[in-house]
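Structure record follows, encoded as structure tokens.
Each value in this text was obtained by applying a stated rule to the coordinates, not by laboratory testing. Remember, predicted model here, so these are calculated numbers, not experimental data. Positions of Cβ are generated from backbone atoms using ideal geometry, with glycine treated the same way; all protein chains shown enter the neighbour counts.
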Amino acid sequence: IADEPSPVENLGQVLFGERIRPSPYKFNFLKNEDCHFVCQKKYEAGDIQKQKMLKRLMKGMVLNYQQHWIIDNMPVALCYRNTENQEFCSRG
């Protein structure tokens with residue numbers, strides 16, 4: 001997957017930090033499937049470089065880092081019911 005070229009990004013996407021990258025996830029429409037693992041990582045306590053990577057990941061989680069998914073040039077939407085039982089949809 002790393003060798004696949006990235007789709008062309010416009011100047012606005014670059015300026016706002018949006019990067020379109022291929023994903024390891026494979027989607028099939030109209031086919032129900034259970035969840036699958038894509039990868040699994042282990043960070044060793046003695047490996048300083050891996051600890052830096054883990055801290056960066058944790059910082060992104062704390063800062064509510066998000067990904068916006070695009071499939072066939074259409075944004076993916078996640079819809080769910082909130083605590084007041086109202087339907088809420090968000091892009092990504």
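A few remarks follow.
- The chain: calculated mean residue ellipticity at 222 nm from DSSP helix runs of at least 4, using -39500 (n - 2.57): -6500 deg cm²/dmol
- Isolated Cys in the chain, by beta carbon distance under 4.7 Å: C35, C39
- ³J(HN,Hα) computed for each position of the stretch 80-88 - Karplus, 6.51 cos²θ - 1.76 cosθ + 1.60, integer Hz, glycine/proline x: 7, 9, 7, 5, 8, 6, 9, 6, 10
- C-alpha long axis of helix 48-62 to longest principal axis of the chain, angle in °: 30 degrees
- Each Cα pair under 8 Å and six or more residues apart adds its separation to the average, and for the stretch 11-91 the resulting relative contact order is 12 percent.
- Pairwise Cα inverse-distance average, inverted: Kirkwood Rh of the chain (Å): 16.9 Å
- Ordering M61, I48, Q86 by Cα displacement along the dipole of the stretch 11-91 toward the positive end leaves I48 in first place; charges were set at the Cβ atoms of Lys, Arg (+1) and Asp, Glu (-1).
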